[in-house]
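> The structure is given below, and queries will be raised subsequently.
Nothing in this text is a laboratory measurement; each read-out follows from the coordinates by a stated rule. Just so it is clear, the model here is predicted, and its values are computed rather than measured. When we count neighbours, we look across all protein chains shown, and the Cβ atoms used for this are built from the backbone with ideal geometry, even at glycine.
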Amino acid sequence: MNIRTQGTNPQSMSFTCQRCGKQLQVPPFRIGTEVRCPSCEHVQMAANNSPVETASITGGATGTGSRPSASVMATSSTAPQSATINTSLKLSSVDALSSDQVTPTKELFDRIIKQISKLYVGQDELVIGTLISLFSAGHVLIESVPGLGKTLFVRTLGHVLGIPFGRIQFTADLMPSDITGAPIFDMKTQEFKFRPGPVFTQLLLADEINRSPAKTHAALLEITQEYRVTIDGTSHVLDRPFLVLATQNPIESEGTYNLPEAQLDRFMFKLIANYPEKDEEAEILKLHSQQIDINKRLQDEIETVTSAAEILKVTTENAQILVDEQLISYINEIVRKTREWPGFHLGASPRAGLALMQGARTLAAFHGRDYAIPDDVAQITLPALRHRVILSAESEVEGHSVDDLLVDLIRSVEVPRF
């Protein structure tokens, strides 16, 4: 159906396409609905920016239960490209946004990055996201194909931080007691004694976590939330700091089990490790082609620059970073919009907002600031939300990705100005 308004109509509205910058025109009843730019085919929410004189709009049929969509005709005038929101975690952006003030937390962050970069190249989102989670008392789910150095990164990080490192290889026959430990009968004393499992460490790599069934995953629920293990009614407290880095392969589906939503929500971030850039891969070839034992390299080349006590101290101090009321509203608006955004079947929980708050504080501290800004929130929104939302069936059929829809959502929320 074609709807056209002719002549001067002060009630018609115009807005700028978020992708190509075209000036688009819609009648008032289309404000707040989903429209498609005819120039770049980008689907977005029509925003109320300014009145225009004419508009031409072609209505499209929508499926049952979906929001109305439209194809909006662009005018001959082209608006300037809309401001780009930085939604990626990069070391270059950390340096660019850092203040002139050198704080103890920023100095510690710089020392850690310097040591890690001696053996581990690239993967900024993985490195920065893990450090934010560590200093925010969170956990990380890592998704990547094999061979990108996840184990090397965790081992290097453990050596730099000076805390114990442990690894559990998840398999289909892994039992919960293989993770937590179990009582063992002592023949000498004729009584049961608790034997701690591999989870009793401080930096735990849960490798290929989706290869184990739900009953095995359940062993981590209490651990990641309450930092303790309960066996036979007795609670065993884990040493802090405690960070779980769980990995899963996005390609292979045979012999794997989807993580339940309750398990996914326990992870502060879901980080994506992609293939390195050309120059980064060349650097990897130079660093790791001499067949030198990695244990020797860790011992000889990597310095321990902090301790468990300092990590806990910095984590406590980060909680004092100022988050303005307007920024709290900004975070709240982003999280709440995921529950009604077209393309999402399930939105994020309040725990997602807490992850954004805590992560923004820590990232601000890494910048050397004692206050958080909207950029801090935008850079961690994808890692904090991508595993907490579920695509609708229509979005999956149309080939939409979670990250693309989240970027569109972020750009639809007005950024507060302090």
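> Using a 10 Å cut-off around each Cβ, can you sort T105, T189 from fewest to most neighbouring Cβ atoms? Walk me through the intermediate numbers first.
Numbers: T105 23, T189 8.
If I rank by nearby Cβ atoms, fewest first, I get T189, T105.
> What whole-number distance in Å separates the alpha-carbon centres of region 282-296 and region 157-192?
Centre-to-centre distance over Cα atoms comes out at 31 Å.
> I'd like to know which of H217, T201, I251 lies farthest towards the positive end of the charge dipole of region 121-307, counting +1 on Cβ of Lys and Arg and -1 on Cβ of Asp and Glu.
T201
> Right, here's the next one. In percent, what relative contact order does region 121-307 have, based on Cα pairs under 8 Å that are 6 or more apart in sequence? Walk me through the intermediate numbers first.
Details: 288 pairs, mean separation 66.3, N = 187.
Here the relative contact order equals 35 percent.
> Could you please rank Y227, Y371, placing first whichever residue has the fewest other Cβ atoms within 10 Å of its Cβ?
Values: Y227 14, Y371 17.
Neighbour counts put them in this order, fewest first: Y227, Y371.
> Arrange L243, L382 by Cβ neighbour counts within 10 Å, fewest through most, would you?
Details: L243 27, L382 22.
The order, fewest Cβ neighbours first, is L382, L243.
> Next question, about the same structure. Greater than 26 Å separation of Cα atoms is the criterion. Which listed pairs, K106/K150; K150/K337; K215/K337; K193/K270; K114/K278; K215/K313, meet it? Walk me through the intermediate numbers first.
Values: K106/K150 24 Å; K150/K337 33 Å; K215/K337 33 Å; K193/K270 37 Å; K114/K278 21 Å; K215/K313 35 Å.
Result: K150/K337; K215/K337; K193/K270; K215/K313 exceed 26 Å.
> Report Rg/Rh for region 121-307, rounded to two decimals, where Rg is the Cα radius of gyration and Rh the Kirkwood radius.
Details: Rg = 17.8 Å, Rh = 17.8 Å.
Ratio of gyration radius to Kirkwood radius for region 121-307: 1.00.
> Still on this structure, please answer the following. Report, ordered by chain and residue number, the aspartates and glutamates lying within cross-link reach of K286, taken as a straight Cα distance under 17 Å and ignoring same-chain residues fewer than 8 apart.
Correct list for K286: E277, E301.
> From the phi of every residue in region 147-153, what ³J(HN,Hα) in whole Hz does the Karplus formula 6.51 cos²θ - 1.76 cosθ + 1.60 yield, where θ is phi - 60° and glycine or proline is x?
Values per residue, Gly and Pro as x: x, 9, x, 5, 5, 4, 4 Hz.
> Once amide H atoms are built 1.01 Å from N in the peptide plane, which residues 5 or more positions from L271, or in another chain, come under 5 Å H to H?
L141, I142, E143
> Now for a separate question. Compute the Cα gyration tensor for region 224-310, then decide on rounded, prolate or oblate, letting a ≥ b ≥ c be the square roots of its eigenvalues: rounded whenever a/c is under 1.5, prolate when a/b is larger than b/c in the other cases, and oblate in all that remain.
On the way: a/c = 2.49, a/b = 1.35, b/c = 1.84.
Oblate shape, in that a/c is at least 1.5 and b/c is the bigger or equal ratio.
> What shape does region 340-384 have by the C-alpha gyration tensor, where a ≥ b ≥ c are the square roots of the eigenvalues, rounded means a/c under 1.5, and otherwise prolate means a/b greater than b/c and oblate the rest? Show your work: numbers first, answer last.
Details: a/c = 3.47, a/b = 2.44, b/c = 1.42.
Because a/c hits 1.5 or more and a/b exceeds b/c, region 340-384 counts as prolate.
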